[in-house]
Amino acid sequence: MSSSRQRLCSLLDRVGLIEGVLRARARFGSPYLTVLTYHRVFDAPEVYPFDRGVIDVGPEAFDAQLKTLGKYFNVVGIDEVCAHFSGEEALPKNAAVVSFDDGYLDNLEVAAPILNDNGMKGVFFMATSYIEERRIYWWDRINYLFHHAKPGQGKITLAYPAHLELDLEGDRAGALATILQLMKIQFDLDVERMLDGMADALGVPWNRDIEREMCEGFVMTWDDVRALRKMGMDVQSHTRSHRALQTVPHGELASELAGAKQDLERELGETVDSISYPIGRSLTSLGPIKEALRDAGYKVGFTNATGAHPLWGEPDCYDVRRIAIEPEYKGSFFRSVLAVPQLGY
Ligand SMILES: [Zn+2]
């Protein structure tokens, strides 16, 4: 966390510079499309076994952020974004999108009502196999296993995907970070095999019944997804199994991309046109993945943690940027990032 950057933003806001920029953007428009990314709106208890990294904001702060956004921006849904990239219709002045990834139940129970109260539409991207098969997202599952590892456990050894020694006693945070990083970069990873091996090595009971039960109150069901849509929210794709597309073998891309689209279209009874990429890396130089996106029928694809999306130059509909909202994006810092996206990180 960059506290000096936060102090700078606080100063810029205090002297009125941020307000000036926000007002100018509201009045004259902006050369950027601002797409905010959230995962969860939730106040986590002190002892919490799952991944805190996806809890971006609590309900009150989320409401405050939407009020700030609504004061200066025109919040649009996915149809307006798709119409812009197809050249059918220009975006309104100073357009913004509020987006959510993954499919947590608090999106329906907490975030959507707050969006409704503020007269805004959100765009929710779903990783469909977690909903369909009642699975726990792999990052939550890894955190859960580490949280419940037997006390006093020293070094553990994993055999898959490679011989890997992890020191839980000396550097538990480092061991956890190693595993999470591996999940993001290892090509053609058998996720189930790796996570089952981890549960064994850590001595934590894990099976499909435990997982299914854990999903209740945590991961949306298809009924929840339909309820979200009925509230006026947009529901779009975040692949099936939430692997970074760069790590998926070419032969499996169609299932991840077209498959997730079909899952959603079957359950919602309407066309799904866009996708946000798990992990969110840019696909700029990755022609084959873009081809697969096109073949699957997607019109727009979103990256993440890539900043505000410039509206000048050659438009790339499969590389739409988003700003990842972090817990420290509050007050002046949030206002500053809205005004000048480069002030974020
Ligand atoms: Zn995600």
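Nothing in this text is a laboratory measurement; each read-out follows from the coordinates by a stated rule. None of these values were measured; they are calculated from a predicted model. Counting neighbours? That spans all protein chains shown, and the Cβs are built from the backbone with ideal geometry, glycine included.
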- prompt: Arranged by the count of other C-beta atoms within 10 angstrom, fewest first, what order do E60, E326 take?
  reply: E60, E326
- prompt: Taking every pair of alpha-carbon atoms in the range 1-43, what share in percent sits in each 10 Å bin, from 0 to the bin with the longest distance?
  reply: 22, 31, 41, 6
- prompt: How far, in nm, would the chain grow between A64 and D79 when pulled straight, counting 0.36 nm per residue and subtracting the alpha carbon separation?
  reply: 2.8 nm
message: Taking the number of other C-beta atoms within 10 Å as the exposure measure, put T239, T178 in order starting with the fewest.
response: T178, T239
Two-site FRET efficiency, K155 against A26, from Cβ-Cβ distance with R₀ of 35 Å, rounded to 0.05: 0.05
message: Under a Cβ-only charge scheme (Lys and Arg +1, Asp and Glu -1), can you give me the dipole magnitude of the range 149-203 about the Cα centre, in debye to the nearest 20?
response: 140
statement: Here the Cα Rg-to-2.2 N^0.38 Å ratio for the range 149-203 is 1.08
field: Spin-label proximity, W312 to the range 80-102 - amide N less than 18 Å from point 7 Å beyond Cα toward beta carbon
entry: 91, 93-95
query: Per the Cauchy relation, a quarter of the hull surface: what is the mean projected area of the convex hull of the alpha carbons in the range 178-276, in nm²?
result: 7.8
query: Where the centre of each part is set by its Cα atoms, how far does the range 110-158 sit from the range 228-295, in angstrom?
result: 18
- request: Note down the nm distance, to one decimal, between modelled labels 7 Å out along Cα→Cβ at I279 and at E211.
  value: 2.0
- request: Calculate for the chain the 222 nm mean residue ellipticity that helices alone would give, adding -39,500 (n - 2.57) per DSSP H run of length 4 or more and normalising by residue count, nearest 500 deg cm²/dmol.
  value: -12000 deg cm²/dmol
field: Sites E169 and R266 - FRET efficiency at Förster radius 35 Å, r taken between beta-carbons, to 0.05
entry: 0.15
message: For a quick check: sort I210, I18, I156 by the number of other beta carbons within 10 angstrom, fewest at the front.
response: I210, I156, I18
- prompt: S4 versus D200, label points 7 Å from Cα toward the beta carbon: distance in nm?
  reply: 4.9
- request: With the Cα gyration tensor of the chain in hand, convert its eigenvalues to equivalent ellipsoid semi-axes via √(5λ) and list them largest first in whole Å.
  value: 33, 24, 19
